[in-house]
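Have a look at the structure below, then the notes.
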Amino acid sequence: MLDLAELKAEIAARNLGWKPAEKSIFTVTEPGGGTQAYLGISVDPQLASAQLTVARSVESAAFVALPPAPTSIDWRKARSGVNFVTPIRNQGVCGACVAFGTVAVVESRLAIERDEADPDHDLSEAALFFGAGRTCAQGWWPEAALGYARTRGIGRESDFPYPGHDAPGKDVKPLAWVTGWENAATSSHRRKAIAYRGPVVAVLRVYEDFLRYGSGIYKYAAGEFVGLHCVAVVGYDDDLGAWIIKNSWGREWGEDGFGYIAYNNCGIDSEYVFWDPYVTAAFTAAEPATAGLLARHGKRKRAAAPRAG
């Protein structure tokens, strides 16, 4: 167990600048273990590496068509201070982080597309995660989650509330779909994806000190590697040198559930792509989709038409 006094001393000695919280959000000795409790990435490392290499070597037309990205954006206060990020959720002691990160991105992208300030729609992580036959101990991989959301869609939270533990999947009426996605691997492509399309799905390495993150720009200071974790990246700031993430550990972690991760920390830049999805929703006649930011930067790439299952 990482000692708080030692962590504070290490942060001060290395002039890292961030502040740890008095209590860890969880410990690796909890029932279920670190990778099963609160984390939850299941990945073939060779596959992830190959995916990153391919994405870096291919100049996707989807990114080439976009202008240079600004030096910063935060979708919690983008477009004249308007928030396009849904509230912080809590995955609890279950390795469902991929479902939470994916749903967080889909929710925000729908809000951006519709110019919907302070979005309160709530999609079902349980429908995505357990509907795909996953368990808390298994975890998942973002590309698999996006694929499931493309073919089966994601329903409302009210139709399948998240239980915080294993549950049988059930059919719920889909409200939103992922229609395709890009793999953003270079610095330029990642910033363009976030600035011009919205939050993205990302994977990072978690160390013990990350569990105690309280505020500031996180840089690794001390502690053992705990496991891999999925988050939504809701912005970035080049002046601060950091990605802005939305976590799924409740509002007690970090800055009210959000955090800043310094560039080139936790493998977020070097080991995994950012998943940049295209989304659509079953709008009612009273809720027409408005022409949002995407429409001002060219036609979106679409995959095969989604189908409800």
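In region 120-136, the residues that are more than 12 Å from Glu157 (Cβ to Cβ) form Cβ pairs under 8 Å with partners that are among the basic types (Lys, Arg) and at pLDDT 95 or above, at six or more places apart or across chains, as follows: Gly131/Arg152; Ala132/Arg152. Just to be sure, is Ala221 in contact (Cβ under 8 Å) with a residue 40 or more places away in the chain, touching a Gly at 6+ places or on another chain (Cβ under 6 Å) and buried (at least 20 other Cβ atoms within 10 Å of the Cβ)? Spelling it out, it is not the case that Ala221 is in contact (Cβ under 8 Å) with a residue 40 or more places away in the chain, touching a Gly at 6+ places or on another chain (Cβ under 6 Å) and buried (at least 20 other Cβ atoms within 10 Å of the Cβ).
Looking across region 162-172, the residues that are modelled with pLDDT of 95 or more and loosely packed, with under 14 Cβ neighbours inside 10 Å come down to Pro163, Pro168. The numbered conditions (1) at pLDDT below 95; (2) surrounded by fewer than 24 Cβ atoms within 10 Å (Cβ to Cβ) are all true for Tyr148 except (1). Of all residues in region 69-86, those satisfying the criterion of being in a loop (DSSP other than H, G, I, E, B) and free of Cβ contacts under 8 Å to residues at least 60 places away in the same chain are Lys77, Asn83, Thr86. Here Val226 passes the criteria (1) outside any strand (DSSP E or B); (2) farther than 21 Å from Lys192 by Cβ; (3) among the aliphatic types (A, V, I, L, M) except the one numbered (1). Taking the criterion of being at pLDDT 85 or above, among the polar types (S, T, N, Q) and surrounded by 11 or more Cβ atoms within 10 Å (Cβ to Cβ), the residues of region 52-85 that qualify are Thr53, Thr71, Ser72, Asn83. With respect to the stated conditions, Ala232 fails to be out of contact with any helix residue (DSSP H, G or I) (no Cβ under 9 Å at 6 or more places or on another chain), over 21 Å from Ala9 (Cα atoms) and modelled with pLDDT of 95 or more.
Within region 159-185, residues that are within 30 Å of Asp269 (Cα to Cα) reach partners that are aliphatic (A, V, I, L, M) and assigned to a strand (DSSP E or B) with beta carbons closer than 7 Å, at six or more positions or on different chains, in the pairs Ala176/Leu123; Ala176/Ile154; Ala176/Val279; Ala176/Ala281; Trp177/Val279; Val178/Val279; Thr179/Val279; Ala184/Val200.
Here Lys192 meets the list (1) surrounded by fewer than 22 Cβ atoms within 10 Å (Cβ to Cβ); (2) outside any strand (DSSP E or B); (3) not hydroxyl-bearing (Ser, Thr, Tyr) almost entirely, failing just condition (1). When Asp159, Asp120, Asp115 are screened for being surrounded by fewer than 19 Cβ atoms within 10 Å (Cβ to Cβ) and in contact with a Pro (Cβ under 9 Å, 6 or more places away or on another chain), only Asp120 passes.
The values are calculated or read from the model by the stated rules, or taken from the named source; none is laboratory data. Predicted model, so just to flag it, every value in this text is computed and none were measured. So basically every Cβ, Gly included, is an ideal-geometry build from the backbone, and we count neighbours across all protein chains shown.
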